[in-house]
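Right, one structure below, let's go through it.
The values are calculated or read from the model by the stated rules, or taken from the named source; none is laboratory data. Small disclaimer: the values here were computed from a predicted structure and weren't measured. Virtual Cβ from ideal backbone geometry, glycine too; neighbours counted across all protein chains shown. Surface accessibility is based on the protein's heavy atoms, side chains included, excluding ligands, DNA and RNA. Shrake-Rupley method; radii C 1.70, N 1.55, O 1.52, S 1.80 Å.
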Amino acid sequence: PYTTLFRSKGKLVPTRDLIKTPEQIEGIRKSGVVNTGCLDAVAEIIRPGLNTQEIDDLCMQYCKDNNAIPACLNYEGYPKSVCTSINEVVCHGIPKEEDVLEEGDIINVDMTTIVDGYYADASRMFIVGGKTTPEKEQLVRVAKECLEIGMEAAKPYSFVGDIGHAIEKHCKKYGYGVVRDLCGHGVGIQFHEEPEVLHYGHRGTGMLLVPGMVFTIEPMINMGTYKVFIDADDPYGWEVITGDEKPSAQWEHTLVMTETGVEILTH
Ligand code: MF3
Ligand code: CO
Ligand code: CO
């Protein structure tokens, strides 16, 4: 890696602590296994009539049963164990009994587990009742493609900006908005580490991607405007909503960079 770091002089390069040891990667991988199991369990219960507090309860219980800690709980004042973001909620939706799922809703469930101190962060979309409008179905599909295209663009010794560029390009075909106010991030030893992984931007910009780096890609794709807001009357000030209140979709994986490309640690 040192030769490569030298060759990339003048570009942003990762500090040593961002390149995980094999032991650290194994720890994050174990956390990823619990994370995946938790989201699989969520998938089993999603149905019309379920409220999002019940999703939170399940995630809490799953963590307890698997010696994990839900990283969201009490993180910078966040009150729950998981994020549940329905339709026009972009991310950080707070589980609550009043939020009852209806057939055709699209919901993102975003879970971060801590196992033996190692963080893994992943989210998926679910279509409540299995079917929704063709428009929302396409949004969910394209958001997933954006994650996949981002992962393909993340080649060793490429740049973080290559990821955002590829995602933005795919999104443009559909006239969707790529959220700019929130981004992916390094992860593993802490919840949010460097680098910031923007889901838009230019090739060759941002940090050099070096084997051993662990980070998320988590594009938030809006059916309409890329702009988002937080309601001033929201008691917690967490939930992020689309500017035009049209739906939004997001998928997230925790990834480790290898000499051949990224490997998914959360599936
Ligand atoms: N899991 C989210 C992410 O992908 C962060 C949620 S922070 C919380 O980065 F406090 F809202 F839980
Ligand atoms: Co997340
Ligand atoms: Co994340």
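Extension gain Asp181-Ala41, at 0.36 nm per residue separation less the Cα-Cα distance, in nm?
Taking 0.36 nm per residue and subtracting the Cα distance, the gain is 47.4 nm.
Determine ³J(HN,Hα), in whole Hz, for all residues of the range 245-251 in sequence, where each value follows from phi through the Karplus function 6.51 cos²θ - 1.76 cosθ + 1.60 and θ = phi - 60°; x replaces Gly and Pro.
Karplus values, whole Hz, x for Gly and Pro: 6, 7, x, 9, 9, 8, 10.
Farthest toward the dipole's positive end in the chain, which of Gly164, Asn35, Ala71, given Cβ charges of +1 (Lys, Arg) and -1 (Asp, Glu) about the Cα centre?
Toward the positive end, the furthest listed residue is Gly164.
Would the chain count as rounded, prolate or oblate if I go by the C-alpha gyration tensor, calling it rounded below 1.5 in a/c and otherwise prolate when a/b exceeds b/c, oblate otherwise?
On the way: a/c = 1.92, a/b = 1.31, b/c = 1.46.
Cα axes put the chain in the oblate bin.
For a quick check: with amide H placed at 1.01 Å from N, whose amide H comes under 5 Å from Thr266's, ignoring anything fewer than 5 positions away on the same chain?
Amide H neighbours of Thr266: Thr254.
Dipole of the range 84-168, Cα-centred, from +1 at each Lys and Arg C-beta and -1 at each Asp and Glu C-beta, to the nearest 20 debye?
Values: 7 positive and 17 negative charges, 54 e Å.
Value, rounded to 20: 260 debye.
Just to check I understand the Karplus step: with θ = phi - 60° and J = 6.51 cos²θ - 1.76 cosθ + 1.60, what whole-Hz values come out for the range 176-192, glycine and proline as x?
Listing the rounded values in order: 7, x, 8, 4, 10, 7, 10, 8, x, 6, x, 7, x, 8, 10, 5, 10 Hz.
Which one, Pro14, Thr52, Val109, is farthest towards the positive end of the dipole of the range 1-133 when Lys and Arg carry +1 and Asp and Glu -1 on their Cβ?
Value computed over the given set: Pro14.
For the range 88-168, compute Rh as the Kirkwood radius over C-alpha pairs and then the Stokes-Einstein diffusion coefficient at 20 °C and 1.002 mPa s; write the answer in µm²/s, rounded to an integer. Write down the numbers at each step before the final one.
Numbers: Rh = 15.0 Å.
In µm²/s, the coefficient is 143.
What are the principal axis extents of the Cα atoms in the range 132-263, in Å, biggest first?
43, 34, 25
How many angstrom lie between the Cα centre of the range 174-205 and the Cα centre of the range 46-91?
Cα centroid to Cα centroid, the span is 22 Å.
Can you compute the equivalent ellipsoid semi-axes for the range 155-195, i.e. the square root of 5 times each eigenvalue of the Cα gyration tensor, sorted largest first and rounded to whole Å?
23, 14, 6
Can you list residues whose amide H is under 5 Å from Glu193's amide H, if they're 5+ apart or on another chain and H is modeled 1.01 Å from N?
So Glu193 has HN proximity to Gly186, Val187.
Considering only the other residues whose Cβ falls under 14 Å of the Cβ of Leu198, what net charge follows from Lys and Arg at +1 and Asp and Glu at -1? Don't skip to the answer; put the middle values down first.
Numbers: positive: Lys169, Arg180, Arg203; negative: Asp162, Glu168, Asp181, Glu194, Glu196, Glu218.
Counting the neighbours of Leu198, the net charge comes to -3.
Counting pairs of alpha carbon atoms under 8 Å apart in space and at least six apart in sequence, what relative contact order in percent does the range 135-264 give? Please report the intermediate quantities before stating the final value.
Details: 303 pairs, mean separation 38.8, N = 130.
For the range 135-264, the relative contact order is 30 percent.
HN-Hα J couplings of the range 38-45 from phi, Karplus 6.51/-1.76/1.60, θ = phi - 60°, integer Hz, Gly and Pro as x?
With coefficients 6.51, -1.76 and 1.60, one gets 5, 5, 4, 5, 4, 4, 5, 9 Hz.
Which value, in Å² rounded to 10, gives the accessible area of Glu54 with a 1.4 Å probe and all protein chains present?
Spelled out: Glu54, probe radius 1.4 Å, area about 70 Å².
Which links in Lys64/Lys169; Lys20/Lys144; Lys80/Lys172; Lys96/Lys246; Lys20/Lys131 stretch past 32 Å when you go from one Cα to the other?
Details: Lys64/Lys169 41 Å; Lys20/Lys144 27 Å; Lys80/Lys172 34 Å; Lys96/Lys246 21 Å; Lys20/Lys131 41 Å.
Those over the limit are Lys64/Lys169; Lys80/Lys172; Lys20/Lys131.
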